[in-house]
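A short write-up of the structure that comes next.
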Amino acid sequence: MNDSQILEQLSLTDAYAPDMDMPESAWSHDVAFAEVERRIGGQTQTTSAPVHPTPTRLRGWLIAAAAFAVVIVVIGATMLFARPSDNTPPVTTPSTTQAPPPTTTEALPPTTVAAAEEAIVTTIAPIVEAEPVMTDEVVALLDNYQTAFNTGDEAAFTSFFAADFWRADPSSVEWRQSAEYMLHMMTNSRIQGTTLSIENCTPTAEGARCEFVYDGAVEQGLYYGPIRDTVITFIDGGEVTHMLITEWETGDLQERSGQKVLDWVEENFPEDRPKMQIIAIGVVNDQNGLDPIEALELWGKYVPLWTEAGRP
Amino acid sequence: MGDNSTNKALLRQVFEENYEAISRYCHRRLPRADANDATAQVFAVAWRRFDSMPSGEQTLPWLYGVARNEVRTSRRSTRRLTNLRTKLGGQATYPEPGPETVVIRNSEQEHLLKALATLRPDDQEILRLRAYEHLTLPEVAEVLDCSVEAAKKRASRATHRLRQATGWSAPTDAAQASGAIQEGGDV
């Protein structure tokens with residue numbers, strides 16, 4: 001096998017070759033570009049139409065004001081140039097120096113207004129697009145989402161998500177998470193006593209960027225504080241189409257806290273240790289033949305006790 | 001540099017033309033949890049270095065060079081990110097790109113991949129750039145930020161080491177000359 005054949009054989013092992021489908025886990029173009037724009041500090045998003053604050057009246061008023069300003073400037077300039085100056089060289093013909101200002105001024109308005117409108121369109125558009133506002137619809141949706149999460153209302157919670165919803169969580173091994181996963185996480189969070197608080201929201205063209213703060217005895221015990229995810233929520237037609245976790249913070253994370261809890265349970269409550277497994281917050285499965293609900297309840301029970309005992 | 005809105009339009013164009021190639025590059029080399037992050041960061045860097053980004057056919061190799069740096073940065077920080085979500089301890093394993101990134105059709109390819117994995121990272125990278133990204137040697141030189149001659153030598157050495165790792169014998173000169181792609185011949 002020669003060198004080119006080696007390379008050819010190697011190229012045949014590529015599952016992401018250009019003529020094959022994109023990796024399933026790859027972000028869509030729109031989601032990826034929205035994230036690029038966030039990183040470069042751009043406020044103008046292109047994935048959906050931004051919300052314009054009182055667009056018609058504001059724009060009309062600005063056009064009128066700008067047109068008026070331009071008229072004043074042009075008239076002033078005309079008068080300035082038309083006025084004989086002391087430093088002006090001697091005129092050669094009377095007709096030049098005595099060009100009648102009224103005629104010139106009367107001819108200006110139509111041309112000036114048209115120019116002003118054209119100028120104002122190009123000036124105003126970026127300003128308006130750069131300032132999406134938090135609509136009542138978005139505020140209500142986020143508020144209801146938080147309520148559904150904290151009350152464990154499964155029907156209400158699942159109703160928020162569009163049919164093709166997925167959440168991107170770059171910090172998780174299971175980074176692309178379905179609505180079913182979200183429901184699973186919400187249910188488990190209820191079991192272990194975690195509550196959600198949506199804070200510090202700012203509008204984006206897609207919906208809103210907020211901090212999703214998960215807190216409870218387990219978080220306080222293991223992480224010395226809440227888990228704080230910064231999430232861009234994409235909202236379209238009253239439904240959440242995507243969630244994109246862009247930053248995450250877990251307070252003073254103690255890497256081995258989980259194992260310490262297990263060791264402590266084994267020492268003090270050996271009958272329950274076999275029912276517990278290493279889990280991630282809000283995520284547990286029955287892979288090891290354990291009852292996930294019971295396991296979560298035990299974590300919710302023992303982490304506070306372990307914390308009270310001084311985190312031995 | 002042009003005005004901001006013009007550059008953003010150009011960035012969007014560059015993004016649309018190259019996103020899939022860069023995303024594939026990152027997914028081949030990083031756990032999927034990190035690949036999207038690195039891909040987005042490549043274009044964020046492209047924005048910051050807009051003035052130095054070449055145009056035309058040179059754009060993609062240049063972006064691959066940025067991606068290469070981002071992949072290395074991501075690998076350095078992967079353990080920290082893993083720890084963040086592993087949280088409860090005991091699960092901290094360094095994630096590699098999943099098995100779905102390769103297709104093995106026969107034992108020869110399996111043997112080849114195992115041999116590839118034994119090479120130094122720099123050798124692996126240059127071979128992947130040739131085999132997966134299908135780059136010519138001048139393009140490899142752009143990615144590695146070296147001369148074409150240096151890229152040619154490094155590619156040759158990497159292929160030689162891969163062959164050694166496989167245990168496959170070197171072809172005769174005549175057989176080598178009949179290959180579809182000559183090492184250094186497609187520049």
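Structural remarks
- Per-pair calculated FRET efficiency, R0 = 45 Å: B:HIS160 and A:SER159 via Cβ, rounded to 0.05: 0.15
- Ranked by how many other Cβ atoms sit within 10 Å of their own Cβ, fewest first, the residues B:SER52, A:SER25, B:SER23, B:SER147 fall in the order B:SER52, B:SER147, A:SER25, B:SER23.
- Counting only lysines at least 8 places from B:LYS153 when in the same chain, those with an alpha carbon closer than 29 Å to its own are B:LYS114.
- Between A:ASP263 and A:HIS29, the simple spin-label model (points 7 angstrom out along Cα→Cβ) gives 5.3 nm.
- Across peptide A:221-230, the average count of Cβ atoms from other chains found within 10 Å of a residue's Cβ is 1.
- Distance in nm between pseudo-label sites at A:MET22 and A:GLU294 (7 Å out along the Cβ direction from Cα): 4.5
- Going from the residue with the fewest nearby Cβ atoms within 10 Å to the one with the most, B:SER107, A:SER28, A:SER257 rank B:SER107, A:SER28, A:SER257.
- Listed from fewest to most Cβ neighbours within 10 Å, the set A:THR202, B:THR159 follows the order A:THR202, B:THR159.
- Of all lysines in the structure, the ones whose alpha carbon falls short of 17 Å from that of A:LYS275, not counting any fewer than 8 places away in one chain, are A:LYS260, A:LYS301.
- Test item: A:201-211 mean partner chain Cβ contacts at 10 Å: 0
- Backbone HN-Hα couplings from phi across segment A:303-309 [Karplus 6.51/-1.76/1.60, Hz, Gly and Pro as x]: 4, x, 5, 5, 5, 4, 7
- Rounded FRET efficiency, nearest 0.05, which uses the C-beta distance separating A:ALA140 from B:THR59 and R0 of 35 Å: 0.20
- Across segment A:214-220, computed HN-Hα scalar couplings (Karplus, 6.51 cos²θ - 1.76 cosθ + 1.60, θ = phi - 60°) run 9, 9, x, 5, 5, 5, 5 Hz from first to last residue, x flagging Gly and Pro.
- Theoretical FRET efficiency, 1/(1+(r/R0)^6), r = Cβ-Cβ of A:LEU183 and A:GLU8, R0 51 Å, to 0.05: 0.60
- A:GLU308 sits among other residues whose Cβ lies under 15 Å from its own Cβ, and their net charge, with Lys and Arg +1 and Asp and Glu -1, is +3.
- B:ASN69-A:THR202 pseudo-label distance in nm [points 7 Å out on the Cα-to-Cβ vector]: 2.6
- Neighbours of B:VAL143, meaning other residues whose beta-carbon lies under 11 angstrom from its beta-carbon, give a summed charge of -2 when Lys and Arg score +1 and Asp and Glu score -1.
- Cα gyration tensor of segment B:104-170 - equivalent ellipsoid semi-axes, whole Å, descending: 22, 12, 9
- For A:ASP14, nonlocal amide neighbours, meaning residues 5 or more places apart or on other chains whose placed amide H falls under 5 Å from its own, are B:VAL103.
- Averaged over the residues of peptide B:35-42, the number of Cβ atoms from other protein chains lying within 10 Å of each residue's Cβ is 6.
- Taking θ as phi - 60° and the Karplus parameters 6.51, -1.76 and 1.60, the scalar couplings of segment A:231-236 work out to 10, 8, 9, 8, 10, 8 Hz in sequence order, x denoting glycine and proline.
- Long-range amide H partners of A:HIS242 with built H, under 5 Å: A:PHE234
Each value in this text was obtained by applying a stated rule to the coordinates, not by laboratory testing. Just so it is clear, the model here is predicted, and its values are computed rather than measured. Please note: Cβ atoms are built from the backbone with ideal geometry, for glycine as well, and neighbour counts cover all protein chains shown.
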